[in-house]
Amino acid sequence: MSLILQAASHCPGADLEKVVTIEREASLAGLRVVDDLLDRASLDEGLFLSGLAGEMGWDWLPALAPDSDSSSELKQVCPARLALRHRLLPLSFERPTLKKTKGKKTEKVDEEKPDVLVMACYDPFDLLARQAVARSVPRRIRWCMAPRTELLRAIQGFYGVGADTFEDILKNRAADFDDAHLRDEANIIDADDAEASVVKFVNQIIREGLAQRATDIHIEPVHDNLRIRYRIDGQLLEVPVPENIRELQSSVLARVKVMAKLDIAEKRLPQDGRINLKLDNQSIDVRVATIPSVEGESISLRLLGQERFTLDRLGLTPDYRAKIDLLLAKPNGIVLVTGPTGSGKSTTLYTFLSSLNTIHRRIVTIEDPVEHKLSGVVQIAVKPEINLTFASGLRSILRGDPNVVMIGEIRDLETAEIAVRASLTGHLVFSTLHTNDSIGGITRLVEMGVEPFLVASSVRAFLAQRLVRSLCPHCRQLAHYSRDQLKACGFIEGVGKDIYTTAPTGCSACRNTGYHGRMAIYEIALVSNGMQDLISRKASANEMLRFARKEGFISLREYGWRKVLEGATTLEEVMRVTSEDFLE
């Protein structure tokens, strides 16, 4: 029985005949046997590879941590290009040990010989990797094995994103290096065989961000380094970068500005632009914003993929879905989505427009900026420099015979009054407001200067929302909250029911965070006949909230509790983004 077959026998339920077939096919095709088995044979990665390590007599390391004191020397002995290409990770140096011979005698090892390099891999049958190490590393090697997922994560964490390209750039960099070569490159980021250049290095940063589901990439000079951070599931995570990356700071920033068609010579003023990228034949839209700082220019990239906007994606509960369907069926009126920046308001509005987008409706939007392009929808971008504002653009839109109008944001009285007029003349209007809750949207419009009776007669509903992180389905576990803890949070309905929380260390699927993706929680304040009376006579927010509760209003926090009971998110996430309702 082969070593692979013996290792596979450690995995419960493994189809050994399939393992033999895959091993034979991969060997004949010259493929990586271990990769093929893990991908096609559905073997448990930990059990199979640890069993293989045991069969070979190699050490098994379920967790990897390269020696931090020797990191510079480790990278010098095993450079990034070698490690990334062959999927290897140098861990530490160790002195040679006394060597035992068959005659039970001990042979002394010459202590003048180089240290032994401890090297981790997950495929002991990759002879090309072993040969490359033998040629390039002037040390004796002690091999050990680790899980594939853990190893690949540790390699990137140790060397940093784009480290192999970065090494080649510094090696080949000419004394008269400038940014001229950055100007004429196409914005295609899946050309893996391109020669080493700043262009490829920037492409790798963006490609890695997309692979990790980042919504934003921040490239920021800080003191003596260039910091790169990805926003994943709403949280900023710092990305390991190659050492001495500050040497290429100006070139990296210039390349991004060239891609966004910005002025690379202007470093004193903020600039905004867009990049249209191609990755695996898929279009990626990127919004770019530069901000001058005392340490140099900081650049933010908002990654916008070709998303599909459907009501199912919003994850609404059945009763909320019925309310939304009712609002979208209205022939006229205003529906306002409220919430802070980054709470998903634009996604909700695009979803509403997509559901209404038929051949029989003319939909026109005015936005700042246009985040997603919707086929069949006329979209206008605000340009204050030529006096194309929300108000002036909205006047023109209303002369263009629209059925549905979307205003990116109601910021002033003039825009609000035109929106009200549009709704009263038979148009269905969608827009956003920056308020903390749905009832607050009513007082915000009145404070802006809109007459209360106009608010009451034109607005159909205020919808507030927040984004919470979704529990990782692979590693979530039951939480153990006491009755007093739940009652202190106001979560009375959770007493005695199963509530899930994150695993202490997460798993590889969620980057050890316990969360994977985000979801929205909502509250909807419908403007019923009774609510119209309260608005018209300028009732207080507390009065309107009491009345809304009598009509079945559910707050953001209460809606979040529903998602906690479904096992979709955690108690802590709901508490983080919502506040308790206080009635005087």
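The values are calculated or read from the model by the stated rules, or taken from the named source; none is laboratory data. Here the structure is a predicted model, which is why all the values come from computation and not from measurement. Cβ coordinates were reconstructed from backbone atoms using ideal geometry, including for glycine residues, and neighbour counts include every protein chain displayed. What goes into the accessible areas is simple: the full protein's heavy atoms, side chains included, and nothing from ligands, DNA or RNA. Shrake-Rupley method; radii C 1.70, N 1.55, O 1.52, S 1.80 Å.
A few points about this structure:
- ILE324 meets all of the listed conditions (1) closer than 30 Å to ILE206 by Cα; (2) buried (at least 18 other Cβ atoms within 10 Å of the Cβ); (3) over 20 Å from the mean Cα position of the chain (by Cα) but one, namely (1).
- Any hit, the stretch 434-445, residues being assigned to a strand (DSSP E or B), in contact with a Leu (Cβ under 7 Å, 6 or more places away or on another chain) and at negative phi: no
- Residue in the stretch 472-482 that is closer than 20 Å to TYR559 by Cα and without any contact (Cβ under 8 Å) to a residue 40 or more places away in the chain present: no
- In the stretch 264-308, the residues that are modelled with pLDDT of 85 or more and either touching a Phe, Trp or Tyr at 6+ places or on another chain (Cβ under 6 Å) or basic (Lys, Arg) (or both): LYS267, ARG268, ARG274, ARG287, ARG302
- Residues in the stretch 382-409 that are part of a strand (DSSP E or B) and surrounded by 14 or more Cβ atoms within 10 Å (Cβ to Cβ) were compared, and the one that is modelled with the lowest pLDDT is LEU388.
- Segments classed as helices (runs of 4 or more DSSP H), wholly inside the stretch 103-199, with at least 1 members that are at pLDDT 85 or above and among the charged types (D, E, K, R): 127-136, 148-159
- Taken over the stretch 227-265, the criterion of being open to solvent by 10 Å² or more (accessible area, probe 1.4 Å), under 20 Å from PRO292 (Cα atoms), among the hydrophobic types (A, V, I, L, M, F, W, C) and assigned to a loop (DSSP other than H, G, I, E, B) is satisfied by LEU262, ILE264, ALA265.
- Taking every residue in the stretch 361-380 that is assigned to a loop (DSSP other than H, G, I, E, B) and pairing it with any residue that is open to solvent by 60 Å² or more (accessible area, probe 1.4 Å) and acidic (Asp, Glu), at least 6 positions away or on another chain, the pairs with Cβ-Cβ distances below 9 Å are ARG362/ASP401; PRO369/ASP272; HIS372/GLU307.
- Selection status of PRO66, in a loop (DSSP other than H, G, I, E, B) and surrounded by 13 or more Cβ atoms within 10 Å (Cβ to Cβ): yes
- Which numbered condition MET448 fails, given (1) over 17 Å from ALA391 (Cβ atoms); (2) open to solvent by less than 50 Å² (accessible area, probe 1.4 Å); (3) within 37 Å of the chain's Cα centre (by Cα); (4) of a type outside the set (Phe, Trp, Tyr): (1)
- Near pairs, Cβ below 9 angstrom, 6+ apart or cross-chain, from the stretch 428-442 (under 18 Å from PRO452 (Cα atoms)) to any residue that is surrounded by fewer than 22 Cβ atoms within 10 Å (Cβ to Cβ) and aromatic (Phe, Trp, Tyr): SER438/PHE553; ILE439/PHE553
- Matching residues, the stretch 355-370, being open to solvent by less than 40 Å² (accessible area, probe 1.4 Å) and closer than 21 Å to THR310 by Cβ: LEU356, ILE363, THR365, GLU367, VAL370
- Selection count where residues are more than 14 Å from SER2 (Cβ to Cβ) and open to solvent by less than 30 Å² (accessible area, probe 1.4 Å), scope the stretch 18-40: 3
- Criterion (touching a residue at least 12 places away in the same chain (Cβ under 8 Å), part of a helix (DSSP H, G or I), among the β-branched types (Val, Ile, Thr) and open to solvent by less than 20 Å² (accessible area, probe 1.4 Å)) met by exactly one of ILE535, ILE524: ILE535
- Selection from the stretch 45-55 of residues that are open to solvent by 30 Å² or more (accessible area, probe 1.4 Å) and either at pLDDT below 80 or among the aliphatic types (A, V, I, L, M) (or both): LEU47
- Set VAL495, VAL455, VAL468: member being more than 30 Å from PRO331 (Cβ to Cβ) and either touching a His at 6+ places or on another chain (Cβ under 8 Å) or surrounded by 19 or more Cβ atoms within 10 Å (Cβ to Cβ) (or both): VAL468
- Matching residues in the stretch 411-445 - criterion: being open to solvent by 10 Å² or more (accessible area, probe 1.4 Å) and under 18 Å from ASP368 (Cβ atoms): ARG411, ASP412, LEU413, GLU414, HIS434
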